[in-house]
Amino acid sequence: MIVSNSTPLLAFARIDALELLAQIVRHILIPETVWHEVTRHLWRPGAEAILHASWVEVCPVATIPPEILLLLDRGEAEVIALAEAVGATEVVLDERAARAVATARGLKIIGTAGLLVRAKQRGRIPAVRPWLERMESQGMRYSQRFVEELFQQLGE
């Protein structure tokens, strides 16, 4: 079971690649705060596609450990709390602070770029570079160093 934050969902949705994401994860859980973040403004790129993605399941979060709320925004805190509550196999997070908290709590992390790498490894896409570049053109931000190292590791 995989729990996701809003940024990875929006990254795939904004480049019309939710079908690719569905092929990689098959089913994804998101907390209510994340659902509202990604669907509240249907005029935003990708919002309507996420609204109609039947493989995205919204789950309420009963409690959030207060120490997480002190460090992260509500959406990220709910993602981590939901992942712990359901025993998620992975958490999809891109933000550095959220990844650090999730890792410290023993959760396995993957990010948007990692999902693209997984798609390449599974033969769903021939290369990560064009997909990541499309995401960047739609507002996703990665450090130049990260992108260069990723492409070098992938031989792209």
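Just so it is clear, none of the values below were taken in a lab; they were calculated from the coordinates. All values reported here derive from a predicted model rather than from experimental measurement. Positions of Cβ are backbone-derived with ideal geometry, glycine not excepted, and every protein chain shown enters the neighbour counts.
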Which residue, R96, R145, R74, tops the fluctuation ranking in a GNM of the chain built on C-alpha contacts under 10 Å? R145
Using r as the Cβ-Cβ distance of A127 and S54, and R0 as 30 Å, what FRET efficiency do you calculate, to the nearest 0.05? 0.60
As an exercise, take the mean of 1/r over every pair of distinct alpha carbons in the range 2-154, invert it, and state the Kirkwood radius in angstroms. 15.7
Any idea what angle helix 112-121 forms with the longest principal axis of the chain, computed on alpha-carbon atoms, 0 to 90 degrees, nearest 10? 50
Per the C-alpha gyration tensor (a ≥ b ≥ c, the square roots of its eigenvalues), the range 1-55 is rounded if a/c is under 1.5, else prolate if a/b beats b/c, else oblate; here it's oblate
How much length would be gained if the chain were fully extended between T63 and Q138, taking 0.36 nm per residue of separation minus their Cα-Cα distance, in nm to one decimal? 23.6 nm
Efficiency by 1/(1 + (r/R0)^6): what FRET value for H27 and Q152, r their Cβ-Cβ distance, R0 = 35 Å, to the nearest 0.05? 0.60
Loop sites only, by DSSP: take the chymotrypsin sites (Phe, Trp or Tyr not before Pro) in the chain that have at most 16 other C-beta atoms within 10 Å and name the longest stretch containing none of them. 56-141
Out of the range 1-70, which trypsin sites (Lys or Arg not before Pro) are coil in DSSP terms and have no more than 15 other C-beta atoms within 10 Å? R26, R40
Using each residue's phi in the range 64-81, evaluate 6.51 cos²θ - 1.76 cosθ + 1.60 at θ = phi - 60° and report the 3J(HN,Hα) Karplus result to the nearest Hz, with x for Gly and Pro. 10, x, x, 5, 6, 5, 6, 9, 10, 6, 4, x, 5, 4, 5, 4, 5, 5
With a ≥ b ≥ c from the Cα gyration tensor eigenvalues, square-rooted, and the rule rounded for a/c under 1.5, otherwise prolate when a/b > b/c and oblate otherwise, the range 104-156 is oblate
